[in-house]
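The structure appears right after this line, and notes come after that.
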Amino acid sequence: MLAGRIDVQFRVRGSKAAGTASFTSIRRGKDGRFEVLRWKVTRDDGAVLDLKDVDFTQPIAGME
């Protein structure tokens, strides 16, 4: 069973760029749902793609 905090970072690489994915989530109560605090990809050139509020049923702007 998961505890109340998740905080991970890992390297990602695609055909055009590379960077670091960061994900942070907490659960405020024993029976509560996890709340996403941070979910983003920071490219090596410094550009940041914030994924926290992205609707993944739609194309992501700038990711063609």
Wholly within the chain, which strands (runs of 3 or more DSSP E) include no fewer than the required count, namely at least 2 residues that are of a type in the set (S, T, N, Q)? 18-27
Identify the residue in segment 10-27 that is hydrophobic (A, V, I, L, M, F, W, C) and surrounded by 10 or more Cβ atoms within 10 Å (Cβ to Cβ) and, among all such residues, is nearest to ASP44 (Cα to Cα). ALA18
Any pair with Cβ under 6 angstrom, 6 or more apart, that starts in segment 33-47 at a residue that is without any contact (Cβ under 8 Å) to a residue 12 or more places away in the chain and ends at one that is surrounded by 11 or more Cβ atoms within 10 Å (Cβ to Cβ) and outside any strand (DSSP E or B): none
Given the structure, is ASP7 in contact (Cβ under 8 Å) with a residue 12 or more places away in the chain, out of contact with any Phe, Trp or Tyr (no Cβ under 6 Å at 6 or more places or on another chain) and surrounded by fewer than 10 Cβ atoms within 10 Å (Cβ to Cβ)? no
Criterion first (surrounded by 10 or more Cβ atoms within 10 Å (Cβ to Cβ) and modelled with pLDDT of 85 or more) does THR57 satisfy it? no
Are any of the residues in segment 44-63 hydroxyl-bearing (Ser, Thr, Tyr) and under 11 Å from the mean Cα position of the chain (by Cα)? no
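The values are calculated or read from the model by the stated rules, or taken from the named source; none is laboratory data. These figures come from a predicted structure and were not determined experimentally. As a convention, Cβ positions derive from the backbone with ideal geometry for all residues, glycine included, and neighbour counts pool all protein chains shown.
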